[in-house]
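I have a structure I would like to understand better, so I am pasting it below and will then ask my questions one at a time.
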Amino acid sequence: MKVKLLTHAVNHEARHRYHELNTITGTSSLVTRYLPRVALRARSEYPYSFREDDAFYPAQGQGFGRVIRASRSEGLSAIHEQISEKDKEHAWTFVPEAGLWVDTALSAGEHDVNPDRDLEVYLSHLFPEVLHAHTHPDKVLEACAQNYPWAFSQNYLVEGAIPSVDDVMGSFQMAARSASGCKINNGVVSHYGLTTYAPVQLLERNGCLRDTAPSKIVHPFIDPITAIRGALQMRHHRVVMDPMIDGIPPKPAYTFDFEPLGSYSGR
Ligand SMILES: [Zn+2]
(Lines give C-alpha, C1' and ligand atoms only; values in the text may rest on other atoms or scores of the structure.)
Protein backbone atom coordinates (compact mmCIF):
# COMPACT_ATOMS: atom_id res chain seq x y z
CA MET A 1 0.00 0.00 0.00
CA LYS A 2 1.29 3.46 -0.94
CA VAL A 3 1.78 5.88 1.97
CA LYS A 4 -0.11 8.56 0.04
CA LEU A 5 -3.11 6.23 -0.17
CA LEU A 6 -2.92 5.52 3.57
CA THR A 7 -2.80 9.27 4.31
CA HIS A 8 -5.85 9.87 2.15
CA ALA A 9 -7.80 6.96 3.69
CA VAL A 10 -7.04 7.95 7.31
CA ASN A 11 -7.95 11.61 6.75
CA HIS A 12 -11.20 10.57 5.11
CA GLU A 13 -11.95 8.19 8.01
CA ALA A 14 -11.11 10.93 10.56
CA ARG A 15 -13.59 13.40 9.01
CA HIS A 16 -16.35 10.81 9.02
CA ARG A 17 -15.59 9.21 12.39
CA TYR A 18 -14.57 12.11 14.62
CA HIS A 19 -18.03 13.20 15.75
CA GLU A 20 -19.08 9.61 16.52
CA LEU A 21 -15.90 9.11 18.57
CA ASN A 22 -16.64 12.24 20.56
CA THR A 23 -20.18 11.02 21.16
CA ILE A 24 -18.79 7.85 22.79
CA THR A 25 -16.48 9.86 25.06
CA GLY A 26 -19.08 12.54 25.84
CA THR A 27 -17.12 15.35 24.15
CA SER A 28 -19.29 15.94 21.10
CA SER A 29 -20.43 19.46 20.17
CA LEU A 30 -21.95 21.34 17.27
CA VAL A 31 -18.44 21.88 15.94
CA THR A 32 -17.56 18.16 15.96
CA ARG A 33 -20.86 17.47 14.19
CA TYR A 34 -21.00 20.21 11.55
CA LEU A 35 -17.41 21.36 11.23
CA PRO A 36 -15.37 18.19 11.91
CA ARG A 37 -12.36 19.54 9.99
CA VAL A 38 -12.19 22.60 12.24
CA ALA A 39 -12.49 20.48 15.39
CA LEU A 40 -9.93 17.99 14.09
CA ARG A 41 -7.40 20.69 13.31
CA ALA A 42 -7.83 22.18 16.77
CA ARG A 43 -7.50 18.92 18.70
CA SER A 44 -5.37 16.52 16.67
CA GLU A 45 -2.61 16.18 14.10
CA TYR A 46 -5.21 16.45 11.31
CA PRO A 47 -4.68 16.57 8.41
CA TYR A 48 -2.47 13.53 8.91
CA SER A 49 0.57 13.57 6.68
CA PHE A 50 2.35 10.23 6.81
CA ARG A 51 5.88 9.87 5.48
CA GLU A 52 7.98 6.81 4.80
CA ASP A 53 11.01 6.03 6.94
CA ASP A 54 13.48 3.14 7.32
CA ALA A 55 14.15 3.31 11.06
CA PHE A 56 11.68 2.19 13.72
CA TYR A 57 12.79 4.65 16.38
CA PRO A 58 12.82 8.34 15.43
CA ALA A 59 16.32 9.75 14.90
CA GLN A 60 15.52 12.64 17.22
CA GLY A 61 12.49 14.33 18.67
CA GLN A 62 9.03 13.41 17.56
CA GLY A 63 8.57 10.55 15.16
CA PHE A 64 4.81 10.68 14.85
CA GLY A 65 3.42 9.89 11.41
CA ARG A 66 6.41 7.95 10.11
CA VAL A 67 5.50 4.77 8.25
CA ILE A 68 7.90 1.84 8.07
CA ARG A 69 7.53 -1.03 5.62
CA ALA A 70 8.17 -4.33 7.42
CA SER A 71 6.53 -7.63 8.30
CA ARG A 72 5.42 -8.41 11.85
CA SER A 73 8.58 -10.36 12.68
CA GLU A 74 10.93 -7.87 10.96
CA GLY A 75 9.35 -5.02 12.90
CA LEU A 76 9.38 -6.82 16.23
CA SER A 77 13.05 -7.80 15.94
CA ALA A 78 14.07 -4.29 14.83
CA ILE A 79 12.25 -2.77 17.82
CA HIS A 80 13.58 -5.40 20.21
CA GLU A 81 17.19 -5.12 18.96
CA GLN A 82 17.47 -1.58 20.34
CA ILE A 83 15.37 -2.02 23.46
CA SER A 84 18.39 -1.76 25.79
CA GLU A 85 19.65 1.47 24.19
CA LYS A 86 16.43 3.46 24.58
CA ASP A 87 15.53 5.43 27.68
CA LYS A 88 12.02 6.38 26.55
CA GLU A 89 9.00 4.32 25.58
CA HIS A 90 7.64 4.39 22.03
CA ALA A 91 4.49 3.24 20.20
CA TRP A 92 3.50 1.95 16.76
CA THR A 93 0.50 0.31 15.15
CA PHE A 94 1.26 -2.58 12.82
CA VAL A 95 -1.15 -3.23 9.94
CA PRO A 96 -0.58 -6.81 8.71
CA GLU A 97 -2.67 -6.43 5.56
CA ALA A 98 -0.57 -3.49 4.34
CA GLY A 99 2.77 -4.64 5.81
CA LEU A 100 3.13 -1.21 7.43
CA TRP A 101 4.12 0.05 10.87
CA VAL A 102 2.74 3.49 11.76
CA ASP A 103 4.52 5.57 14.42
CA THR A 104 1.62 6.71 16.66
CA ALA A 105 3.59 8.30 19.54
CA LEU A 106 2.47 11.89 20.19
CA SER A 107 4.78 12.13 23.18
CA ALA A 108 6.86 9.69 25.19
CA GLY A 109 8.59 9.47 28.54
CA GLU A 110 10.64 6.98 30.54
CA HIS A 111 7.57 5.35 32.04
CA ASP A 112 4.78 6.13 29.60
CA VAL A 113 3.91 6.85 26.02
CA ASN A 114 0.97 8.74 24.62
CA PRO A 115 -0.19 7.22 21.33
CA ASP A 116 -2.80 8.97 19.18
CA ARG A 117 -5.82 6.92 20.30
CA ASP A 118 -8.04 8.40 17.59
CA LEU A 119 -5.57 7.37 14.88
CA GLU A 120 -5.59 3.84 16.37
CA VAL A 121 -9.40 3.83 16.07
CA TYR A 122 -9.34 5.04 12.44
CA LEU A 123 -6.88 2.27 11.53
CA SER A 124 -9.18 -0.32 13.13
CA HIS A 125 -11.98 0.85 10.84
CA LEU A 126 -9.79 0.68 7.73
CA PHE A 127 -8.17 -2.73 8.24
CA PRO A 128 -9.31 -6.19 9.43
CA GLU A 129 -6.45 -6.58 11.93
CA VAL A 130 -4.03 -4.31 13.83
CA LEU A 131 -1.35 -4.66 16.50
CA HIS A 132 -0.91 -1.71 18.87
CA ALA A 133 2.60 -2.16 20.22
CA HIS A 134 4.63 -0.09 22.67
CA THR A 135 7.93 -0.55 24.46
CA HIS A 136 8.97 -0.90 28.08
CA PRO A 137 12.66 0.04 28.01
CA ASP A 138 15.18 -1.68 30.26
CA LYS A 139 15.38 -0.14 33.68
CA VAL A 140 18.71 -1.83 34.45
CA LEU A 141 20.80 1.30 33.95
CA GLU A 142 18.48 3.11 36.32
CA ALA A 143 18.83 0.30 38.88
CA CYS A 144 22.62 0.29 38.59
CA ALA A 145 22.74 4.07 39.02
CA GLN A 146 20.82 3.64 42.25
CA ASN A 147 23.17 0.87 43.36
CA TYR A 148 20.47 -1.76 43.52
CA PRO A 149 21.71 -5.34 43.75
CA TRP A 150 21.56 -7.48 40.58
CA ALA A 151 18.46 -9.36 41.76
CA PHE A 152 16.60 -6.05 41.69
CA SER A 153 17.82 -5.29 38.15
CA GLN A 154 16.70 -8.75 37.12
CA ASN A 155 13.26 -8.01 38.52
CA TYR A 156 13.16 -4.79 36.52
CA LEU A 157 13.73 -6.75 33.32
CA VAL A 158 11.06 -9.32 34.15
CA GLU A 159 8.56 -6.69 35.30
CA GLY A 160 9.08 -4.86 32.01
CA ALA A 161 7.22 -7.72 30.31
CA ILE A 162 4.09 -7.20 32.43
CA PRO A 163 1.46 -4.80 31.01
CA SER A 164 0.66 -2.04 33.53
CA VAL A 165 -2.78 -1.15 34.91
CA ASP A 166 -2.84 1.80 32.48
CA ASP A 167 -1.93 -0.49 29.59
CA VAL A 168 -4.81 -2.85 30.36
CA MET A 169 -7.41 -0.16 31.10
CA GLY A 170 -6.34 1.87 28.06
CA SER A 171 -6.64 -1.14 25.77
CA PHE A 172 -10.09 -1.89 27.19
CA GLN A 173 -11.32 1.61 26.38
CA MET A 174 -9.78 1.24 22.93
CA ALA A 175 -11.63 -2.04 22.38
CA ALA A 176 -14.90 -0.26 23.16
CA ARG A 177 -14.19 2.57 20.70
CA SER A 178 -12.65 0.58 17.84
CA ALA A 179 -14.35 -1.18 14.94
CA SER A 180 -16.09 -4.30 16.23
CA GLY A 181 -15.06 -6.30 13.15
CA CYS A 182 -11.35 -5.58 13.58
CA LYS A 183 -9.09 -8.09 15.33
CA ILE A 184 -7.17 -5.91 17.79
CA ASN A 185 -3.95 -7.12 19.35
CA ASN A 186 -1.99 -5.22 21.99
CA GLY A 187 1.66 -5.78 22.65
CA VAL A 188 4.54 -4.69 24.88
CA VAL A 189 8.09 -5.19 23.62
CA SER A 190 10.56 -5.43 26.49
CA HIS A 191 13.98 -6.95 27.26
CA TYR A 192 13.02 -10.61 26.82
CA GLY A 193 10.41 -10.35 24.07
CA LEU A 194 6.81 -9.56 23.21
CA THR A 195 3.89 -9.73 25.64
CA THR A 196 0.46 -9.73 24.01
CA TYR A 197 -2.79 -9.00 25.82
CA ALA A 198 -6.41 -8.76 24.75
CA PRO A 199 -9.83 -8.60 26.41
CA VAL A 200 -11.83 -11.82 26.45
CA GLN A 201 -15.04 -9.89 25.92
CA LEU A 202 -16.46 -6.39 26.12
CA LEU A 203 -18.02 -4.97 29.27
CA GLU A 204 -21.07 -6.80 30.49
CA ARG A 205 -24.22 -4.87 31.31
CA ASN A 206 -23.65 -3.27 34.72
CA GLY A 207 -20.39 -5.16 34.90
CA CYS A 208 -17.16 -3.68 36.14
CA LEU A 209 -13.60 -4.29 34.97
CA ARG A 210 -11.23 -4.48 37.91
CA ASP A 211 -7.47 -4.66 37.89
CA THR A 212 -5.66 -5.32 41.13
CA ALA A 213 -2.22 -4.14 39.98
CA PRO A 214 0.65 -5.96 38.30
CA SER A 215 2.38 -8.84 39.99
CA LYS A 216 5.52 -7.57 41.67
CA ILE A 217 8.78 -9.25 42.63
CA VAL A 218 9.70 -12.55 41.16
CA HIS A 219 12.11 -15.12 42.44
CA PRO A 220 15.51 -13.89 41.25
CA PHE A 221 16.96 -17.31 40.55
CA ILE A 222 14.48 -18.91 38.20
CA ASP A 223 14.70 -18.66 34.43
CA PRO A 224 13.36 -15.21 33.38
CA ILE A 225 11.07 -16.58 30.65
CA THR A 226 9.47 -18.95 33.17
CA ALA A 227 9.19 -16.06 35.64
CA ILE A 228 7.45 -13.86 33.04
CA ARG A 229 4.98 -16.60 32.10
CA GLY A 230 4.23 -17.17 35.80
CA ALA A 231 3.68 -13.45 36.43
CA LEU A 232 1.38 -13.19 33.38
CA GLN A 233 -0.61 -16.16 34.65
CA MET A 234 -1.13 -14.29 37.95
CA ARG A 235 -2.08 -11.16 36.02
CA HIS A 236 -4.67 -13.21 34.11
CA HIS A 237 -6.42 -13.93 37.42
CA ARG A 238 -6.14 -10.35 38.68
CA VAL A 239 -7.78 -8.56 35.77
CA VAL A 240 -11.40 -9.54 36.24
CA MET A 241 -14.86 -8.74 34.98
CA ASP A 242 -17.17 -8.44 37.98
CA PRO A 243 -20.85 -8.79 36.98
CA MET A 244 -21.82 -7.00 40.24
CA ILE A 245 -24.57 -9.52 40.91
CA ASP A 246 -24.77 -11.41 44.20
CA GLY A 247 -23.62 -14.98 43.92
CA ILE A 248 -21.92 -14.59 40.52
CA PRO A 249 -18.15 -14.49 40.98
CA PRO A 250 -15.83 -12.27 38.91
CA LYS A 251 -14.06 -14.01 36.03
CA PRO A 252 -10.76 -13.33 34.23
CA ALA A 253 -11.27 -10.66 31.56
CA TYR A 254 -7.93 -10.70 29.75
CA THR A 255 -5.67 -13.21 28.08
CA PHE A 256 -1.90 -12.72 28.24
CA ASP A 257 0.76 -14.38 26.15
CA PHE A 258 4.53 -14.16 25.85
CA GLU A 259 6.79 -14.60 22.82
CA PRO A 260 10.56 -14.50 23.53
CA LEU A 261 12.54 -12.48 20.96
CA GLY A 262 16.16 -12.28 19.83
CA SER A 263 18.63 -14.45 21.72
CA TYR A 264 15.86 -15.56 24.12
CA SER A 265 13.67 -17.02 21.34
CA GLY A 266 15.55 -20.34 21.38
CA ARG A 267 14.31 -21.14 24.88
ZN1 LIG B 1 3.07 0.05 29.06
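Out of all the residues in segment 82-115, which are within 16 Å of the ligand (Cβ to nearest atom) and part of a loop (DSSP other than H, G, I, E, B)?
83, 86, 87, 88, 89, 90, 104, 109, 110, 111, 112 - these are the residues of segment 82-115 that are within 16 Å of the ligand (Cβ to nearest atom) and part of a loop (DSSP other than H, G, I, E, B).
Quick check on my filter: what residues within segment 163-176 are under 17 Å from residue 131 (Cβ atoms) and not in a loop (DSSP other than H, G, I, E, B)?
Once the filter is applied, which keeps residues that are under 17 Å from residue 131 (Cβ atoms) and not in a loop (DSSP other than H, G, I, E, B), segment 163-176 yields 167, 168, 170, 171, 172, 174, 175.
Residue 44: touching a residue at least 40 places away in the same chain (Cβ under 8 Å) and closer than 30 Å to residue 157 by Cβ, yes or no?
So residue 44 does not fit the description; no.
Which residues, counting only those in segment 134-162, are within 12 Å of the ligand (Cβ to nearest atom), part of a loop (DSSP other than H, G, I, E, B) and either in contact with a Ser or Thr (Cβ under 6 Å, 6 or more places away or on another chain) or modelled with pLDDT under 90 (or both)?
Correct list: 136, 160, 161.
Say whether the condition of being among the small types (Gly, Ala, Ser), in contact (Cβ under 8 Å) with a residue 40 or more places away in the chain and under 20 Å from residue 180 (Cβ atoms) is met by at least one residue in segment 11-26.
yes
Considering each residue of segment 41-65, count those that are surrounded by 15 or more Cβ atoms within 10 Å (Cβ to Cβ) and either modelled with pLDDT of 95 or more or more than 16 Å from residue 93 (Cβ to Cβ) (or both), and give that number.
8
Follow-up. Regarding segment 182-193, can at least one residue be identified that is out of contact with any Cys (no Cβ under 6 Å at 6 or more places or on another chain), surrounded by fewer than 19 Cβ atoms within 10 Å (Cβ to Cβ), modelled with pLDDT of 85 or more and over 17 Å from residue 257 (Cα atoms)?
yes
Here is a list of conditions, (1) within 16 Å of the ligand (Cβ to nearest atom); (2) within 27 Å of residue 28 (Cα to Cα); (3) surrounded by fewer than 23 Cβ atoms within 10 Å (Cβ to Cβ); (4) not β-branched (Val, Ile, Thr), and residue 125 meets all of them except one; can you say which number that is?
All conditions pass for residue 125, except number (1).
Cβ-Cβ below 7 Å, separation at least six or inter-chain, first residue in segment 236-255 and without any contact (Cβ under 8 Å) to a residue 40 or more places away in the chain and within 19 Å of residue 186 (Cβ to Cβ), second in a loop (DSSP other than H, G, I, E, B) and of a type outside the set (Gly, Ala, Ser): which pairs?
Partner pairs satisfying both residue conditions: 238/212; 240/250.
When you check residue 58 against the structure, is it touching a residue at least 24 places away in the same chain (Cβ under 8 Å), closer than 26 Å to residue 191 by Cβ and in contact with a Ser or Thr (Cβ under 9 Å, 6 or more places away or on another chain), yes or no?
Against the criterion (touching a residue at least 24 places away in the same chain (Cβ under 8 Å), closer than 26 Å to residue 191 by Cβ and in contact with a Ser or Thr (Cβ under 9 Å, 6 or more places away or on another chain)), residue 58 does not qualify.
Among the residues of segment 83-107, count how many are exposed (fewer than 15 other Cβ atoms within 10 Å of the Cβ) and touching a residue at least 12 places away in the same chain (Cβ under 8 Å).
Matching residues across segment 83-107 total 4.
Identify all residues within segment 163-177 that are crowded, with 18+ Cβ neighbours inside 10 Å, touching an Asp or Glu at 6+ places or on another chain (Cβ under 7 Å) and modelled with pLDDT of 90 or more; write none if there are none.
Within segment 163-177, 168 is the sole residue that qualifies.
Also, quick follow-up: Filter segment 1-55 for residues that are assigned to a loop (DSSP other than H, G, I, E, B), closer than 24 Å to residue 75 by Cα and within 24 Å of the chain's Cα centre (by Cα) and give the result.
Within segment 1-55, 1, 48, 49, 50, 54, 55 meet the criteria.
Okay, next question. What about residue 17, is it under 20 Å from residue 124 (Cα atoms) and surrounded by 12 or more Cβ atoms within 10 Å (Cβ to Cβ)?
yes
The values are calculated or read from the model by the stated rules, or taken from the named source; none is laboratory data. Owing to the predicted nature of the structure, the values given are computational and were not obtained by experimental measurement. Reconstructed Cβ throughout: ideal geometry from the backbone, glycine too, with neighbour counts over all protein chains shown.
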